[in-house]
Amino acid sequence: MVVDVRRNRVGEVMASAGGRLALRPPAGGREWEAFPCEVRPATASDELRVKVTEVNDRGRRERGMA
């Protein structure tokens, strides 16, 4: 897991080609590209932020369906 510091997004590194990294949101979704100099390793706090966001999003979707 890394943080794209330019976009303030956490992502998983899926591939590296042409001097760029292909990143994907941890819960899935559309990939984006970043240069290696624009990312840093994700901290425990970064990973927790992603998990909390996923739980909140899931709760909103479930309430919308009720």
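Farthest towards the positive end of the charge dipole of the chain, among the residues Gly28, Val2, Val13, is the Cα of Gly28, using unit charges on the Cβ of Lys, Arg, Asp and Glu. Remark: the Glu38-Arg58 segment gains 4.3 nm on full extension, using 0.36 nm per residue and subtracting the alpha carbon distance. Of the trypsin sites (Lys or Arg not before Pro) found in the chain, those that fall in a DSSP loop while having at most 10 other beta-carbon atoms within 10 Å are Arg30. Taking amide hydrogens as placed 1.01 Å from N in the peptide plane, the amide H of Ala42 sits under 5 Å from those of Val2, Val3, each at least 5 positions away in sequence or on another chain. Taken about its Cα centre, the chain carries a charge dipole of roughly 220 debye when the Cβ of each Lys and Arg holds +1 and the Cβ of each Asp and Glu holds -1. Relative contact order of the chain: 28 percent, from C-alpha pairs under 8 Å at least 6 residues apart in sequence. With respect to the chain, whose longest principal axis is taken over its alpha-carbon atoms, helix 44-65 is tilted by about 40°.
All of the numbers you see were taken from the coordinates with simple rules; none came from a lab. None of these values were measured; they are calculated from a predicted model. Cβ coordinates were reconstructed from backbone atoms using ideal geometry, including for glycine residues, and neighbour counts include every protein chain displayed.
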